[in-house]
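Notes to accompany the following structure.
The values are calculated or read from the model by the stated rules, or taken from the named source; none is laboratory data. Note that the coordinates shown come from a computational prediction; the quantities given were computed from them, not determined experimentally. Cβ: placed from backbone, ideal geometry, glycine included. Neighbour counts: every protein chain shown.
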Amino acid sequence: MPPSWRRWLLSDAPTSRRQARAARAYLGWIAFSRNPLAMLGLVIFLALLASALFAPALAPLDPVSGDLANRLLAPGGEYWLGTDQQGRDIWSRIIYGSRTTLLIVFMVAVTAAPIGIVIGASAGYLGGWVETVLMRLTDAFLAFPKLVLALAFAAALGSGIENAILAIALTAWPPYARIARAETLAVRGTDYVAAAKLNGASDLRIVLGHIMPMCLPSLIVRVSLDMAGVILIAAGLGFLGLGVAPPQPEWGSMVSEGRSQILEQWWVCTYPGVAIFLVSLGFNLIGDGLRDVLDPREGRDG
């Protein structure tokens with residue numbers, strides 16, 4: 001980075017809101033990059049992103065069509081990670097399966113988190129019967145384990161990636177609502193909220209423009225930490241046949257297909273399982289790093 005840009009970002013007296021935001025983001029990146037485990041998680045995420053974007057270039061063979069003459073071949077030669085029961089290249093299926101994983105993670109993040117923050121912020125700011133109704137609804141969802149509830153929704157909606165995303169999103173929003181409500185209760189009585197009321201701001205404007213932005217740091221940390229759980233739930237749905245419809249590659253369904261040969265042809269389910277483990281680990285490491293940057297007090301307490 002040129003010295004002039006660095007001086008601009010690290011200025012003690014920013015001259016604009018844009019400069020202040022850029023400086024805060026730059027300082028956050030510096031703190032994040034000093035955490036080697038967080039950087040390892042970032043590398044894993046970038047590898048997942050690259051494999052999803054450049055799957056046709058990275059996968060040497062068609063992930064869907066197979067060759068029964070080459071079924072259950074051990075890793076080596078043309079088939080780097082071996083083949084499955086249909087003679088399909090496992091490496092190619094893992095690469096294309098990263099697209100499914102990334103799509104599920106992204107769609108759940110952009111649907112569940114906004115739902116949770118709207119419900120939680122509305123409950124915390126409005127209070128009264130609105131808070132009671134919304135929080136009891138949240139408690140009802142939290143009363144069931146996420147995987148069990150996702151299985152119930154997926155079974156009712158049917159198989160398919162759209163239904164799997166919807167089922168996971170319907171189970172993922174309650175923790176975000178709890179966090180947003182707690183943050184809202186902490187800032188509801190602050191001076192800047194009172195000043196906004198005196199200036200004639202509506203409740204909707206106060207919630208959207210003054211309260212929700214204060215909830216974002218905690219929610220970003222929680223979303224990044226929850227993505228590992230989302231991946232595991234998606235893999236669980238695929239394992240039980242409630243996720244992506246075959247023959248499209250998905251890591252959970254690949255593990256399910258190879259479980260009967262785990263002792264003889266171990267590679268069929270082992271390598272997709274390793275992919276699930278690595279990506280889940282990466283999101284957990286990123287979440288820990290973001291927690292240290294965005295919420296240092298919570299990081300120290302943990």
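Search region 85-126 for residues being at pLDDT below 90 and part of a loop (DSSP other than H, G, I, E, B), and hand back the single one that is surrounded by the fewest Cβ atoms within 10 Å (Cβ to Cβ).
Ranking the qualifying residues of region 85-126, first place goes to Q85.
On the given criteria, is A25 under 30 Å from A177 (Cβ atoms), modelled with pLDDT under 90 and part of a helix (DSSP H, G or I)? Show your work before the answer.
Numbers: under 30 Å from A177 (Cβ atoms): yes; modelled with pLDDT under 90: yes; part of a helix (DSSP H, G or I): yes.
Judged against the criteria, A25 is a match.
So, in region 241-268, exactly how many residues are in a loop (DSSP other than H, G, I, E, B) and either surrounded by 22 or more Cβ atoms within 10 Å (Cβ to Cβ) or in contact with a helix residue (DSSP H, G or I) (Cβ under 6 Å, 6 or more places away or on another chain) (or both)? Give the derivation first.
Taking region 241-268 first, the residues in a loop (DSSP other than H, G, I, E, B) are 241-250, 262-266.
Subset that is either surrounded by 22 or more Cβ atoms within 10 Å (Cβ to Cβ) or in contact with a helix residue (DSSP H, G or I) (Cβ under 6 Å, 6 or more places away or on another chain) (or both): 242-244, 249-250, 262.
Going through region 241-268 one residue at a time, the tally reaches 6.
Take L68 and tell me if it is closer than 29 Å to M227 by Cβ and out of contact with any strand residue (DSSP E or B) (no Cβ under 8 Å at 6 or more places or on another chain). Let's see the steps before the verdict.
Numbers: closer than 29 Å to M227 by Cβ: no; out of contact with any strand residue (DSSP E or B) (no Cβ under 8 Å at 6 or more places or on another chain): yes.
No, not satisfied.
State yes or no: is A154 assigned to a helix (DSSP H, G or I) and either in contact with a Leu (Cβ under 6 Å, 6 or more places away or on another chain) or at positive phi (or both)? Give the steps one after another, and end with the answer.
Working: assigned to a helix (DSSP H, G or I): yes; either in contact with a Leu (Cβ under 6 Å, 6 or more places away or on another chain) or at positive phi (or both): yes.
So A154 fits the description; yes.
Could you figure out which of (1) closer than 29 Å to S202 by Cβ; (2) buried (at least 16 other Cβ atoms within 10 Å of the Cβ) isn't true of W129?
Checking W129 against (1) closer than 29 Å to S202 by Cβ; (2) buried (at least 16 other Cβ atoms within 10 Å of the Cβ), the one that fails is (2).
Taking the stated definitions as given, is E183 assigned to a helix (DSSP H, G or I), of a type in the set (D, E) and surrounded by 19 or more Cβ atoms within 10 Å (Cβ to Cβ)?
On the way: assigned to a helix (DSSP H, G or I): yes; of a type in the set (D, E): yes; surrounded by 19 or more Cβ atoms within 10 Å (Cβ to Cβ): yes.
Yes.
Any residue in region 203-231 that is surrounded by 22 or more Cβ atoms within 10 Å (Cβ to Cβ) sitting within a Cβ distance under 7 Å of a residue that is not in a helix (DSSP H, G or I) and not aromatic (F, W, Y)? List the pairs, counting only those 6 or more apart or interchain.
V221/D295
Please state which of the following conditions G200 fails to meet, knowing it meets all the rest: (1) farther than 20 Å from R21 by Cβ; (2) in a helix (DSSP H, G or I).
Result: G200 passes all but (2).
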